[in-house]
Each structure stands twice: as C-alpha cells, then as structure tokens.
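The values are calculated or read from the model by the stated rules, or taken from the named source; none is laboratory data. Worth saying up front: this structure is predicted, and the values here are computed from it rather than measured. All Cβ positions, glycine included, derive from the backbone under ideal geometry; neighbour counts span all protein chains shown.
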Amino acid sequence: MNLIDTHSHIYLKEDFGEDLELVVERLKQAGVEHVFLPNIDSSTIDEMHELEAAEPGRFHALMGLHPTSVKENYKEELEVVARCFEARDYCGVGEIGIDLYWDKTFVKEQAEAFETQVDLAISRSLPIVIHCREAFPEIVASLRKFDKTKLRGIFHSFGGSADDVEVISSLGDFWLGINGVVTFKKSTLPAVLENVPLERLVLETDSPYLTPVPHRGRRNESAYIVHTAQKIAEIKGVTVELVAQCTTQNAEKIFEV
Ligand SMILES: [Zn+2]
C-alpha cells in the first residue's frame, strides 16, 4: 500500500529533533512514499531543506509564507519567498492562506500576502496549499479575483460543510486535504465526506498536530496517516487499499511527482 502525506512538518527540529530517524523509518514502513513539506516562514526554511536533501525522492519542500507568520515584516518575508523561487524549483506554493482564529490584527496583510503568493503560483504553474482557519469567506473572495482555470491545489485540513465543498469546486481545480480530525468522535466531516468522491480527496497528517485516533493527544507523525486512510475507507465503504491508491494518484497529479 502506497500513501502520500501531502502536508507534514516533521522537518521541525523543535518537535522532531531527537528522533527524526525513527520517524522516517516508521513512515517508510507504513508505506508513505512521498511526504510534502509546507514551509512556515524564513525561520523554518533551512530545516525543511535539510530533510528534503536527506532523501529528495521522498521529501519535497513547498515554499510559502504561512498566514500566522504574516506580521509587520511580511513584505520582507515575501521577498525571502520570492528569492527562494529564483534560486531553485519547488513543487508547490505553501502553506499560504488566511487564519483569523489566532489573531485578526493583520487580516488585510494576510489577504495581500495570500494573493501575492497565489499570483506567484500561477506565474509558475504550481499548485497552492491553502491554510484556511475561520476565514472561508475571505479565502473565497481572494481566490475569485483569479482566473479559475489557472488555479489548482489543496484546501489543507478541510473541515467545512457540504456547501463549502460546492463553493470550493467552483473556484478552480481543488482537492480536500483530510487529516486526523476525521477520526475524532465529534467530527462532522464523515457525514460531509460521504458525498465527496475519492477523486477529490488527498491525505495529510499536519504533523506534529491533529493526531488521529488512536494516538490522539500525542505528537503526530507521517506514519499515522494510515489511521486517516482507514477512517475514510470506513466512511466510503471501500477497502483501505482503494483509498490509498486513489488519494496517491490525486496527490501525484497535483504535485506532478
Ligand atoms: Zn501546516
């Protein structure tokens, strides 16, 4: 069974500094062929590149400025992102978006940084990985400014309604990133996903966060993606192998690996 973790921050030394080798060993044993590593800001680039360089066929860096890192110095941060793209290729722009859960101070700047980076993705024909927290209307308003035939990517950590799925499908070529949240007892996602075809789903962990049951409460890691795949199989009434095959194909198509 081949799986792809489309969203993992296992490169963060603060969380995985001591046992990264074991984490990598476990994800290989779980059948995780590719791991996509979204950037956060200028402080995380080196450690992300370092993990990618250790095994470039398996670990793939994405470049972008995370919305919770959009502060007074966001223009300088965006320049760092632009310089990185001038220096080398990346397989996507991420993670980018708007997050109004933690802090609304920089809502205008967050939208501006998001749109600047969507532009960057379009100019390079790259997919975007969107972080959207308490900001769905804002994200939709931003994306509607672009030519939808040029937009493709992932709504990372999707947790919305059936109506949101409908809106997302009208914005461009988008997939829903599903993680451990779907395994939580009170999650409303299973009911929503019943009506979303597997062709529109990709798997992710968002390690070290959002750990699936039965590991909930502990640090998340890419190997645990298996539990999310199993839960989706249960929801859709299909085998876990089919979920793996389909979501892997989707991720390969999005990131062109
Ligand atoms: Zn993330």
Identify all residues within region 125-145 that are more than 16 Å from the ligand (Cβ to nearest atom) and either buried (at least 17 other Cβ atoms within 10 Å of the Cβ) or not in a loop (DSSP other than H, G, I, E, B) (or both); write none if there are none.
L126, F136, P137, E138, V140, A141, S142, L143
Are there any helices (runs of 4 or more DSSP H) wholly within region 156-257 with 1 or more residues that are within 15 Å of the chain's Cα centre (by Cα) and at pLDDT 95 or above, and if so which?
225-236, 240-255
In region 1-18, how many are surrounded by fewer than 13 Cβ atoms within 10 Å (Cβ to Cβ) and away from the ligand (no atom under 16 Å from the Cβ)?
2
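For (1) in a helix (DSSP H, G or I); (2) out of contact with any Phe, Trp or Tyr (no Cβ under 7 Å at 6 or more places or on another chain); (3) away from the ligand (no atom under 13 Å from the Cβ); (4) on the phi < 0 side of the Ramachandran plot, each residue gets a yes or a no:
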position	(1), (2), (3), (4)
E25	yes, yes, yes, yes
E33	no, yes, yes, yes
D46	yes, yes, yes, yes
K71	no, no, yes, yes
K75	yes, yes, yes, yes
V81	yes, yes, yes, yes
I96	no, no, no, yes
Y101	no, yes, yes, yes
Q110	yes, yes, yes, yes
Conditions: (1) within 15 Å of the ligand (Cβ to nearest atom); (2) under 23 Å from L51 (Cα atoms). V226 meets all but one. Number of the miss?
(1)
Being touching a Cys at 6+ places or on another chain (Cβ under 6 Å) and closer than 21 Å to P127 by Cα narrows H60, H66, H49 down to just H60
Filter result for L62 (closer than 22 Å to A111 by Cα, touching a Leu at 6+ places or on another chain (Cβ under 7 Å), more than 16 Å from the ligand (Cβ to nearest atom) and not aromatic (F, W, Y)):
no
With the first residue restricted to region 43-60 and required to be of a type outside the set (A, V, I, L, M), and the second required to be modelled with pLDDT under 95 and surrounded by 14 or more Cβ atoms within 10 Å (Cβ to Cβ), Cβ contacts under 6 Å at 6 or more apart or on different chains are none
Of the residues in region 146-155, those that are charged (D, E, K, R) and either in a strand (DSSP E or B) or within 22 Å of D206 (Cβ to Cβ) (or both) come to R152
Residues located in region 112-123, provided they are within 22 Å of D46 (Cα to Cα), more than 16 Å from the ligand (Cβ to nearest atom) and of a type in the set (G, A, S)
A121
Filtering region 208-257 down to residues that are within 26 Å of G57 (Cα to Cα) and hydroxyl-bearing (S, T, Y) yields Y209, T211, S222, Y224, T228, T247, T248
Looking at (1) within 16 Å of the ligand (Cβ to nearest atom); (2) part of a helix (DSSP H, G or I), can you tell me which one F85 breaks?
(1)
Which one of these is surrounded by fewer than 16 Cβ atoms within 10 Å (Cβ to Cβ), free of Cβ contacts under 8 Å to residues at least 40 places away in the same chain and over 19 Å from the mean Cα position of the chain (by Cα): E77, E86?
E86
Quick test for you: out of E221, E204, E199, pick the one residue that is under 29 Å from A121 (Cα atoms), touching a residue at least 40 places away in the same chain (Cβ under 8 Å) and touching a Cys at 6+ places or on another chain (Cβ under 9 Å).
E199
